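Engineer: I am attaching a structure below and will ask some questions about it afterwards.
The values are calculated or read from the model by the stated rules, or taken from the named source; none is laboratory data. Keep in mind that what you see is a predicted model, and the values were worked out from it rather than measured. Backbone-built Cβ (ideal geometry, glycine too); neighbour counts: all protein chains shown. Just so you know, the surface numbers come from the protein's heavy atoms only, side chains and all, with ligands and any DNA or RNA stripped out. Shrake-Rupley method; radii C 1.70, N 1.55, O 1.52, S 1.80 Å.
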Amino acid sequence: MESVSRTGGHLASNLGAVELTIALHYVFNTPDDKLVWDVGHQTYPHKILTGRRAAMSGLRTYGGISGFPRRTESEYDAFGTGHSSTSIGAALGMAVAAQLEGSARRAVAIIGDGAMTGGMAFEALNNAGAMDANLLVVLNDNDMSISSNVGALNNYLAKLLSGRFYANFRRSSEKVLGAVPPILELAKRAEEHVKGMVIPGTLFEEFGFNYIGPIDGHDLDVLVTTLNNLKHLQGPQLLHIVTQKGKGYKLAEDDPCRYHGVARFNPEDGLAEGGGKLTYTQVFGDWLCDMAAQDERLVGITPAMCEGSGMVRFAAEFPKRYFDVGIAEQHALTFAAGLACEKFKPVVAIYSTFLQRAYDQLIHDIAIQNLPVVLAVDRAGLVGADGPTHAGSFDLSYLRCLPNMVVMAPSDENECRQMLYTAFMHDGPAAVRYPRGGGIGAPVCREMQALPIGRGEIRREGENVALLAFGSMVAPALAAAEGLNATVANMRFVKPLDEALVARLARVNKLLVTVEENVVMGGAGSAVIECLERMGVTVPVLQLGLPDRFIEHGDTALLLANCGLDRDGIIRAVREKLAE
C-alpha cells in the first residue's frame, strides 16, 4: 500500500492476493517449484516476499523494478507476463519439462477469472486435461461471492476431496470397478453429480482436471492445508479460490475497478478526482456517444477494457449496442466482422499492444473481406510505467502492410475526433491510432467532418530540411523546426500515404526526416522511402522512431527523450545527418 501510493501501479488486485501469495510460497519450494502468474497484476506481494521489498520504492519507475514478473529480474519470476491467459500453457510446458527430466518439481499457474475468459486459457486446459503432467491451476476468482454457510461447507469439502485418502480411495475403486465397466461408469457419474450439487466445477472436470473448491482465498489455514494436499496429488488439478479485490482497504473494496490501476495518491484521502487536459481516450469516448446518437448502426466492442478505452458513458447510454466480450481479442475482431457483414458499423476499442493478439483475425476476417470495421487503437507508442508488454510500438508497421487498410495518426485532440469520423464513414477497414494520456490542449470541434483520405498538410514552411511527422510526433517536430528553420508536414495518413506531398517535399529539400512514435523497421518512414523508390526520386532520408529494442518502463517523456524523439533529439539527429 505504501509503495503503490508513492509510485502508482495496480492496487486492488494485489491487495486481494496477499494470503494466496503467502500460502503458495509457504507450501511450495520456490524457485525450484514454478509459480506462473497470469498477467502479473497481482504479483506485488510475490515481489515483496522474494527479495524485492526494498526495491518496491522504485516500482515501475525508470531503472526500478517492473510492475510485472520478469525472468531477468528474479529467479522467482518463472515466466514473464503482461498479457493475460498465458499462465496455464506456460506452466503446462514447465510441468512436462519436469516430467521429461524425471524431476519432482511442481508447476503452478495462478489465473484470475477475467484471464480465464481468454481463448488461450481454454486451449491450454483442453491440452493439459489430456496429459498426466503434474500441473496445478489456481483459479483466483474475485468476481464471485460465497455465503458463509456455503463457504464453510466448501472449505470442508476442499480439505476432504484434496486429501490423499480420498485420492487413494478413488484410484483403488477404479481398479476394482474397472473389471465391471458399467459399474465404474455409474460410480464416476455418481461422483460427478454429488460434487456438482455443491461445487461449480463440472466444466473443469470435463476438461480432465480434478476440481477442488471454491474456498475462501483469504483463509490462510484452509489455503495451506488444501495446497499441501494438492501438492502431493498426481495429474492436472484445479483449485478454485474466491478473493476480494482491494481486501483490507475499504475504498478499494468498495470500488475495485477505480483502484485497479492508480497514480500516486494519499491512502488516507483516496484517489483524487480526475482533471487536467482532455485525454485522447476521452476524445474517443465522447465521439463514440455522439456518433452513436447519429447512426443507429454503430455498435461498440471492447475486449474487457471498458474503463481503459473510455467506453463507460457509451455503455450507460447505449447498453444494447455495447459489447464487452471479455479478454478475447481474437473473438472481438471476428465478432465485429460478423456484425459488419450484416450492415452494422462496429467500432472496436482496443489497445495497440492487445491488437497484436488478434492479428490473424484482422487479416483473414476483416481485411481480406474488406469489411467496414473501425479500430480505435489506444495506447499507441510508449506507455510509460507499464513498460514493453503494454507499449504500442509496432502497430504502424503491422497495420500498413495489410491490403485494404486505412491507417491514420492524429496530431491533436480535434484531429483525432475528425479521423474517427473519417474512419466510420469509410467503406472498409480503418484504424485510428492515438497515444495514452492528454493531448496538446487543442480545442475540439463538435461538428464532425471527414478528412480527405490520403492527404496530409504543411504546418510550417522552412528551407532545405522537411520533417514528415506522424501523429504524436507533429508537436515535437514543430518545436524542433524552429531551431532548424525546417518545413513540417503533418502527414496524417500512414496508409494511403500522401505521395504527392512526399514528392513535392523531395523536390525542394536537401533532406527528408520522418518522425514517428513507432519502430523504425517497417514503419511510416519505411513507407516514405518505398514511395520515393517507386517514383524514382533520390533524396537523403533520415528515419527517426523507436529503436530495434524493447523500451523499458519509466516516465514517457524521459523514454521518448532517450529515443531521440523530443525537440532536442530531433535537432541533434538532423544536424548530425547534415554534417555527414
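Engineer: Among THR72, THR30, which is over 27 Å from LEU230 (Cβ atoms) and open to solvent by 20 Å² or more (accessible area, probe 1.4 Å)?
Structural biologist: Matching residue, one of THR72, THR30: THR72.
Every residue, every condition in (1) buried (at least 21 other Cβ atoms within 10 Å of the Cβ); (2) in contact with a His (Cβ under 9 Å, 6 or more places away or on another chain); (3) modelled with pLDDT of 85 or more; (4) at negative phi, yes or no:
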residue: LEU125; (1), (2), (3), (4): yes, no, yes, yes
residue: GLY129; (1), (2), (3), (4): no, no, yes, yes
residue: ASP143; (1), (2), (3), (4): no, no, no, yes
residue: LEU153; (1), (2), (3), (4): no, no, no, yes
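Engineer: Kindly indicate the residue of region 310-361 that is among the acidic types (Asp, Glu) and at pLDDT 95 or above and also most open to solvent (accessible area, probe 1.4 Å) among those meeting that condition.
Structural biologist: It comes out as GLU342.
Engineer: Tally the residues that are open to solvent by less than 20 Å² (accessible area, probe 1.4 Å) and either closer than 14 Å to LEU467 by Cβ or not aliphatic (A, V, I, L, M) (or both), restricting the search to region 545-560.
Structural biologist: 3
Engineer: Go through VAL465, VAL494 for me and flag whichever is open to solvent by less than 30 Å² (accessible area, probe 1.4 Å), over 31 Å from the mean Cα position of the chain (by Cα) and touching a residue at least 60 places away in the same chain (Cβ under 8 Å).
Structural biologist: VAL465
Engineer: Of all residues in region 258-279, how many are open to solvent by 50 Å² or more (accessible area, probe 1.4 Å) and farther than 19 Å from ARG436 by Cα?
Structural biologist: 4
Engineer: Within region 443-466, how many residues turn out to be out of contact with any Pro (no Cβ under 8 Å at 6 or more places or on another chain) and over 15 Å from ALA481 (Cα atoms)?
Structural biologist: So the count comes out to 13.
Engineer: What's the number of the only condition in (1) farther than 30 Å from VAL96 by Cβ; (2) outside any loop (DSSP other than H, G, I, E, B); (3) open to solvent by 20 Å² or more (accessible area, probe 1.4 Å) that GLU307 fails to meet?
Structural biologist: Looking at each condition in turn, GLU307 falls short on (2).
Engineer: Cβ contacts < 7 Å: first residue open to solvent by 90 Å² or more (accessible area, probe 1.4 Å), restricted to region 561-580; second residue in a helix (DSSP H, G or I), any location; separation 6+ or different chain. Result?
Structural biologist: ARG567/PRO476; ARG567/ALA479; ARG567/ALA480
Engineer: Determine if region 354-368 includes at least one residue that is assigned to a strand (DSSP E or B) and in contact with a helix residue (DSSP H, G or I) (Cβ under 9 Å, 6 or more places away or on another chain).
Structural biologist: no
Engineer: Restricting attention to region 497-524, report how many residues are open to solvent by less than 50 Å² (accessible area, probe 1.4 Å) and among the charged types (D, E, K, R).
Structural biologist: Count: 3.
Engineer: Answer with yes or no whether GLY381 is touching a Gly at 6+ places or on another chain (Cβ under 9 Å) and buried (at least 23 other Cβ atoms within 10 Å of the Cβ).
Structural biologist: Yes.
Engineer: Out of region 1-27, which residues are under 13 Å from GLY248 (Cβ atoms), open to solvent by 10 Å² or more (accessible area, probe 1.4 Å), in a helix (DSSP H, G or I) and among the aliphatic types (A, V, I, L, M)?
Structural biologist: Across region 1-27, the qualifying residues are LEU15, VAL18.
Engineer: Determine whether LEU203 is open to solvent by less than 10 Å² (accessible area, probe 1.4 Å) and over 30 Å from SER472 (Cα atoms).
Structural biologist: So LEU203 fails the test.
Engineer: While we're here: Take SER85 and decide whether it is of a type in the set (Ser, Thr, Tyr), in a loop (DSSP other than H, G, I, E, B) and touching a residue at least 40 places away in the same chain (Cβ under 8 Å).
Structural biologist: Judged against the criteria, SER85 is a match.
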